Amino acid sequence: MCFGQIKIIYETDMETDCDDAGALAMLHALQDNGEVDLLAVMHNTSDDFSVGYIDAVNTYYGHPDLPIGSYKKDDTYSRDIAILLKCCTDYTQQIVKDIRFVHDVDTRKDVPDAVDLYKEILQQQPDSSVVIVSVGYLLNLKNLIKDDWGLQLVRKKVKELIIIGRTWFPKDTMLPLSMNLGGQQINHTAGMASMEVFEHWPTPIHVAGNFITKPYHRGKELINTPENNPVREAYRIYRERYGDWDHHLADLETVYYAIYRDQKAEYFSLGTAGTPKIGLHSEPNGIRYFYNLWDTSEDSHHVYWLTKEDKFSEISERIGELMVQTPKQ
Ligand SMILES: [Ca+2]
Ligand SMILES: [Ca+2]
């Protein structure tokens, strides 16, 4: 069987964590290796500097003009949550303002709205050829399918949507929705977007069931890469308070699945029967939270996937190599 280059659009909430940066490094390495055709990077929070940071990574990897789009509204407040959870840094802003890192995009005003860029790029692609891999909020994707032409293009050009997820329990077990899908966001914009995307997205969705956990963390190998590597710098800043650069692989594992799910199908197990559902639950005391569940009473073309435990070690090793692979150009 022959596996060609996979056309990828990468959807990221870059500011909220540094594994988004590691996953972008991995995509560039896979592009250098001829396995990926990275069509664009879309940012999906209200952080102004994430797109500048993304451009710095793209430039470091020799692709200074790789298209970048962004969510444009100021309503995600993801940094508020991150501060609350004590997991926040402003590495995107710090790196964009540091002259060691070359880029010609600074903030969101320098890039198009993600929906406009999706439409421009998708219409140029062969039918059913594009894989969207989303490791952040689904706000851009919700906006894309609310746009008539956007929805038509998704139907025609997108092969599948791969989404970072969390554990999916059978019906009636309401698990609070993951932060990645907007579960802990105060004003609910991202959670509502996740609900809409899971309900109305027209192509198959593959959603992650769980993630590689400790001891399969990676990042410390970045210390040996050049100091002007913006991915190295993101991990340095983000992990400084832990005194250790090794970090979880959630976004990287999602990218790994997106690229290798056919080629290395034996690495994964799939739950195919059922429908992923996201809802908003209200307690009698007024507290509301999003939840997700896997409804087996109703079938759909959506799938959840799990990485097989005996493959964790091999996959995390490969991810570590790709993160630090020297750029070709
Ligand atoms: Ca640029
Ligand atoms: Ca992420």
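The values are calculated or read from the model by the stated rules, or taken from the named source; none is laboratory data. Source: prediction; values computed, not measured. Here the Cβ positions follow ideal geometry from the backbone for every residue, glycine too, while neighbour counts run over all protein chains shown.
When you check Tyr291 against the structure, is it under 30 Å from Asn187 (Cβ atoms), in contact with a strand residue (DSSP E or B) (Cβ under 9 Å, 6 or more places away or on another chain) and surrounded by fewer than 22 Cβ atoms within 10 Å (Cβ to Cβ), yes or no?
Yes; evaluated as a whole, the condition is true for this residue.
Any idea which residue in segment 158-170 is nearest to the chain's Cα centre (by Cα), counting only those that are away from ligand 2 (no atom under 16 Å from the Cβ) and surrounded by fewer than 22 Cβ atoms within 10 Å (Cβ to Cβ)?
By that ranking, first place goes to Glu160.
Determine, yes or no, whether Ala56 is small (Gly, Ala, Ser), touching a strand residue (DSSP E or B) at 6+ places or on another chain (Cβ under 8 Å) and within 14 Å of ligand 1 (Cβ to nearest atom).
no
Among the listed residues Asp80, Asp32, Asp75, identify the single one that is charged (D, E, K, R), surrounded by fewer than 24 Cβ atoms within 10 Å (Cβ to Cβ) and either modelled with pLDDT of 95 or more or within 16 Å of ligand 1 (Cβ to nearest atom) (or both). Before the answer, list the steps.
Numbers: Asp80 fails: either modelled with pLDDT of 95 or more or within 16 Å of ligand 1 (Cβ to nearest atom) (or both); Asp75 fails: either modelled with pLDDT of 95 or more or within 16 Å of ligand 1 (Cβ to nearest atom) (or both).
Going through Asp80, Asp32, Asp75 in turn, just one is charged (D, E, K, R), surrounded by fewer than 24 Cβ atoms within 10 Å (Cβ to Cβ) and either modelled with pLDDT of 95 or more or within 16 Å of ligand 1 (Cβ to nearest atom) (or both): Asp32.
Given (1) of a type in the set (A, V, I, L, M, F, W, C); (2) away from ligand 1 (no atom under 15 Å from the Cβ); (3) over 18 Å from Gly219 (Cβ atoms), identify the lone condition not met by Val51.
So Val51 meets the others, but not (2).
Just checking, which of Asp20, Asp55, Asp48 is within 16 Å of ligand 2 (Cβ to nearest atom), acidic (Asp, Glu) and either at pLDDT below 95 or surrounded by 23 or more Cβ atoms within 10 Å (Cβ to Cβ) (or both)?
After ruling out the rest, the residue left standing is Asp20.
(1) over 24 Å from Val324 (Cβ atoms); (2) assigned to a loop (DSSP other than H, G, I, E, B): which one isn't true of Gly69, the others all being true?
Exception for Gly69: condition (2).
With the structure loaded, tell me whether Ile6 is crowded, with 21+ Cβ neighbours inside 10 Å, within 14 Å of ligand 1 (Cβ to nearest atom), among the hydrophobic types (A, V, I, L, M, F, W, C) and over 23 Å from Ile237 (Cα atoms) or whether it fails that test.
no
List every residue pair whose Cβ atoms lie under 7 Å apart, where the two residues are 6 or more positions apart in sequence or sit on different chains, the first residue falls within segment 104-126 and is under 22 Å from Thr59 (Cα atoms), and the second residue, located anywhere, is away from ligand 1 (no atom under 13 Å from the Cβ) and assigned to a loop (DSSP other than H, G, I, E, B).
Thr107/Asp48; Thr107/Phe49; Arg108/Asp48; Arg108/Lys72; Asp113/Lys72; Ala114/Tyr71
Has segment 159-177 got any residue that is in a helix (DSSP H, G or I), among the charged types (D, E, K, R) and out of contact with any Gly (no Cβ under 6 Å at 6 or more places or on another chain)?
no
Yes/no per residue for (1) at pLDDT below 95; (2) of a type in the set (Asp, Glu); (3) part of a loop (DSSP other than H, G, I, E, B):
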position: Ile223; (1), (2), (3): no, no, no
position: Glu227; (1), (2), (3): no, yes, yes
position: Val231; (1), (2), (3): no, no, no
position: Ala234; (1), (2), (3): no, no, no
position: Arg239; (1), (2), (3): yes, no, no
position: Asp244; (1), (2), (3): yes, yes, yes
position: Ala258; (1), (2), (3): no, no, no
position: Asp262; (1), (2), (3): yes, yes, yes
position: Ser269; (1), (2), (3): yes, no, no
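Each row is one residue, and each column tells you yes or no for (1) surrounded by fewer than 19 Cβ atoms within 10 Å (Cβ to Cβ); (2) small (Gly, Ala, Ser); (3) within 30 Å of Ser129 (Cα to Cα).
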site	(1), (2), (3)
Ala208	no, yes, yes
Leu222	no, no, no
Asn228	yes, no, no
Tyr235	no, no, no
Leu252	no, no, yes
Tyr256	no, no, yes
Arg261	no, no, yes
Lys264	yes, no, yes
Glu283	yes, no, no
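Among the candidates Ser316, Ser300, single out the residue that is without any contact (Cβ under 8 Å) to a residue 60 or more places away in the chain and among the hydroxyl-bearing types (Ser, Thr, Tyr). Give the steps one after another, and end with the answer.
On the way: Ser316 fails: without any contact (Cβ under 8 Å) to a residue 60 or more places away in the chain.
After applying the criteria, what remains is Ser300.
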